[in-house]
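Novice: Below: one structure in structure tokens.
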């Protein structure tokens, strides 16, 4: 048992902990059914996950990642970062849920790829998932450009779509995402890490105080125009 657990833990401690918990549950049932005399899963704290702490992305890193993606996916990155939306929530977002006048996004659905069923759209997993998010002017401007360029005028039109205007599927988008990460040297960055930006960086909250309303590097990146230099970078 110890050797099995150690072999998995050498690759990933999180998978080792989950596997150990599952096996322990199965063997516990076997003991209760008198198939086994005792449960050999006795390694202390082997079922505790110790995920490495993830460092939230900086605004500059979000800009770099967005710039490295095809233009139609850039607003998706900024929405995840500045509105703290999950990939499934972005994939189900429709035009009518984006209020550019009041600068809000209303989350009522999420899209998931389910084995045997394909793309399934349904409510968020919890009541807390249904929410209205205040967005900064920066993101509102980015979305205004994106809606005009890539989104059908119908209220129910999907805001984020795939290369050929079909529904956005996470597994297909991640092909572009991995290429962008590699291009900017951020191979460790997961898409859901973008959501930490809004919580950890005061400049990205819904208020525009202290941020200014002039064009930013993010707005240039999303609109496809040349980026102004920042910190000596072109």
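Novice: Rounded to the nearest 0.05, what FRET efficiency do residue 49 and residue 171 have when you use their Cβ-Cβ distance and R0 = 25 Å?
Specialist: 0.50
Novice: Continuing with the same structure: How many percent of Cα pairs in the range 1-102 exceed 17 Å?
Specialist: Result: 68 percent of Cα pairs exceed 17 Å.
Novice: Provide the FRET efficiency to the nearest 0.05 for the residue 71-residue 12 pair, computing r from the beta carbons and using R0 = 25 Å.
Specialist: After rounding, the FRET efficiency stands at 0.10.
Novice: If we count other beta carbons within 10 Å of each Cβ, what is the order of 102, 176, fewest first?
Specialist: Arranged by neighbour count, lowest to highest, 102, 176 become 102, 176.
Novice: Okay, moving on. Could you line up 32, 144, 89 from fewest to most neighbouring Cβ atoms inside 10 Å?
Specialist: Least crowded to most crowded, the residues run 32, 144, 89.
Novice: Exposure proxy check: 173, 38, 160, 150 ranked by fewest other beta carbons within 10 Å?
Specialist: 38, 150, 173, 160
Novice: Starting from the Cα-Cα distance between residue 152 and residue 125, subtract it from 0.36 nm times their residue separation and give me the gain in nm to one decimal.
Specialist: 6.9 nm
Novice: Rounded, prolate or oblate: which fits the range 1-52, taking a ≥ b ≥ c as square roots of the Cα gyration tensor eigenvalues, rounded meaning a/c under 1.5, else prolate when a/b beats b/c?
Specialist: Because a/c hits 1.5 or more and a/b exceeds b/c, the range 1-52 counts as prolate.
Novice: Can I ask one more? Let's test the formula: R0 of 25 Å, r as the Cβ-Cβ distance of residue 31 and residue 4. What FRET efficiency results, to the nearest 0.05?
Specialist: The value I calculate is 0.85.
Read-outs: derived from the displayed coordinates by stated rules, not from any lab. Fair warning: this is a prediction, and the values are worked out from it, not measured in the lab. For neighbour counting, all protein chains shown are included, and Cβ atoms are generated from backbone atoms with ideal geometry for every residue, glycine included.
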